[in-house]
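K.L.:
Below are the structure tokens for one structure; questions will follow.
The values are calculated or read from the model by the stated rules, or taken from the named source; none is laboratory data. These numbers were taken from a predicted model, which means no experiment stands behind them. Ideal geometry is used to build each Cβ from the backbone, glycine not excepted, and the neighbour counts take in all protein chains shown.
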Amino acid sequence: MEHQHHGGFMQEGMHHATVKGVTLEAKVDAAAHSVTLRVGPMNLPAHTGHMKMPQPPDQVWQVPFDGWLVAYHPRLVDAAGNEVPGTVLHHTAFWNENRSDFLCPNKEEHIFGAGSELTDWTEVPGYGYHVQKDDRIRIETMVYNPTATSYEKVYLEVVISLQDAAESLPPRKNVYPAWMDVKSCGNSSYDVPAGKSEKSGTVIVKYDGVLLGVGGHLHDYGRQIVLEDLTRKETAATLDAKVDEKGRLEAVPVKLFVEEGGFKLSAGDVLKTSATYDNPTAKLLRSGAMGIAVGYFVPNDDSKMAALRRKTPPMHEMAGMTHDR
């Protein structure tokens, strides 16, 4: 059986064998104000690239409450709970099927993502991503294993901190994840030539507001992400990746603008994202790269964002739907 991913974060037209038996387990811990999502199990044989590795089908988490998602803590574990290195996670992406992305309305709202760096999305006090009961969060995951060690029964586990609207706490200010991609509003993956290379793309901001902070998403051999506001001729962030001796990605830093009240954006601003790679393999790596600056956007007028809400199509219509719609 083949599994084709249509746009979104995955590569358009790419075919993979589908892993059977993968399920989503969701456990809400009301006392800890969190929900733990687990996708698996997946067997990852050594020295298997993402093009050849069977991939898990998309999973859907139906949100069981009204409230806010405030932090994300991803990790990989085996059946015994032992941690598995993030190296084997190509990427995961969470999409809200009930909303359109505010920068790229051809896509679903992209609320969380992680790659091999397994970056924690920590809480920004007073802010959160607003969800409504029965929102459908689609979880897309791609794995591979460039290491010499095989891993069996691997699970992607994401602990999400939350605030239920029913709690007697002040409501949070709404944030919207901002994905500023070198592929603009197209598919995120692209080929990496041998040696040093740079790719850039632009998106146009449609709302006045501020960025609270920005991090980055790169793949192995990625060296730097730069986010610029071309309209204002300002560099918002230059993020230098941490890599190991082989150039494999270990971490991408996060730059916060909270103390200065956020990095101001105006409707019509053109944002440019640039990604630098240094590929030492002496060969073209097909679909081997992504370059995305990822931030939290707070609009000046939150009521304008209501227009991004959309009805989820009936299940029988979704079979042939592309994620770029």
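K.L.:
Considering only region 25-56, how many residues are out of contact with any helix residue (DSSP H, G or I) (no Cβ under 6 Å at 6 or more places or on another chain) and either closer than 28 Å to Ala289 by Cβ or not assigned by TED's automatic domain parsing to the domain that holds Phe112 (or both)? Give the steps one after another, and end with the answer.
P.N.:
From region 25-56, those out of contact with any helix residue (DSSP H, G or I) (no Cβ under 6 Å at 6 or more places or on another chain) are 25-43, 45-56; that's our starting set.
With either closer than 28 Å to Ala289 by Cβ or not assigned by TED's automatic domain parsing to the domain that holds Phe112 (or both) added as a condition, the list becomes 37, 39-40, 42-43, 45-56.
The number of residues fulfilling the criteria is 17.
K.L.:
Could you name every one of the strands (runs of 3 or more DSSP E) located completely within region 189-287 that has at least 2 residues being farther than 19 Å from Tyr144 by Cβ and either touching a strand residue (DSSP E or B) at 6+ places or on another chain (Cβ under 7 Å) or in contact (Cβ under 8 Å) with a residue 12 or more places away in the chain (or both)?
P.N.:
Output list reads 195-204, 209-218, 222-229, 234-240, 263-265, 270-279.
K.L.:
Now a separate question. Only one of these is touching a Leu at 6+ places or on another chain (Cβ under 8 Å) and hydrophobic (A, V, I, L, M, F, W, C): Phe94, Phe102. Name it.
P.N.:
Phe102
Each row is one residue, and each column tells you yes or no for (1) out of contact with any His (no Cβ under 7 Å at 6 or more places or on another chain); (2) at pLDDT below 95; (3) surrounded by fewer than 16 Cβ atoms within 10 Å (Cβ to Cβ).
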residue: Pro57; (1), (2), (3): no, no, no
residue: Trp61; (1), (2), (3): yes, no, no
residue: Gly67; (1), (2), (3): yes, no, no
residue: Asp78; (1), (2), (3): yes, no, yes
residue: Pro85; (1), (2), (3): yes, no, yes
residue: Glu97; (1), (2), (3): yes, no, no
residue: Glu108; (1), (2), (3): no, no, no
residue: Ile111; (1), (2), (3): yes, no, no
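K.L.:
While we're on this one: Could you list, in sequence order, all residues of region 251-291 that are closer than 20 Å to Ala194 by Cα and either of a type in the set (A, V, I, L, M) or at pLDDT below 95 (or both)?
P.N.:
Hits for region 251-291 are Ala275, Ala282, Leu284, Leu285, Arg286, Ser287, Gly288, Ala289, Met290.
K.L.:
Any chance region 154-165 includes a residue that's out of contact with any strand residue (DSSP E or B) (no Cβ under 6 Å at 6 or more places or on another chain) and assigned to a loop (DSSP other than H, G, I, E, B)?
P.N.:
No; the residues of region 154-165 include none that is out of contact with any strand residue (DSSP E or B) (no Cβ under 6 Å at 6 or more places or on another chain) and assigned to a loop (DSSP other than H, G, I, E, B).
K.L.:
Here is a follow-up. Can you pull out every residue in region 193-213 that is surrounded by 24 or more Cβ atoms within 10 Å (Cβ to Cβ) and among the aliphatic types (A, V, I, L, M)? Steps first, answer last, please.
P.N.:
Step one: filter region 193-213 for residues surrounded by 24 or more Cβ atoms within 10 Å (Cβ to Cβ), giving 209, 211.
Leu211 - this is the single residue of region 193-213 that is surrounded by 24 or more Cβ atoms within 10 Å (Cβ to Cβ) and among the aliphatic types (A, V, I, L, M).
K.L.:
Restricting to region 292-325, name every residue that is modelled with pLDDT of 55 or more and part of a loop (DSSP other than H, G, I, E, B).
P.N.:
Matches in region 292-325: Asn300, Asp301, Arg310, Lys311, Thr312, Pro313.
K.L.:
How do the strands (runs of 3 or more DSSP E) wholly within region 30-136 filter down when requiring 3 or more residues that are within 30 Å of Ser168 (Cβ to Cβ): which remain?
P.N.:
34-44, 67-77, 89-100, 108-114, 127-131
K.L.:
Quick check on Ser184: is it on the phi < 0 side of the Ramachandran plot, outside the structural domain of Glu109 (by TED's automatic domain parsing) and surrounded by fewer than 21 Cβ atoms within 10 Å (Cβ to Cβ)?
P.N.:
no
K.L.:
Same structure, new question: Cβ-Cβ distance below 6 Å, separation of 6 or more or different chains: which pairs start in region 6-33 with a residue that is within 14 Å of Glu140 (Cα to Cα) and end on one that is polar (S, T, N, Q) and at pLDDT 95 or above?
P.N.:
Matching pairs, first to second residue: His16/Gln55; Leu24/Gln59.
K.L.:
Does at least one position in region 201-211 carry a residue that is of a type in the set (Gly, Ala, Ser) and closer than 30 Å to Ala30 by Cα?
P.N.:
Within region 201-211 (the criterion being of a type in the set (Gly, Ala, Ser) and closer than 30 Å to Ala30 by Cα), the answer is no, since none of the residues qualifies.
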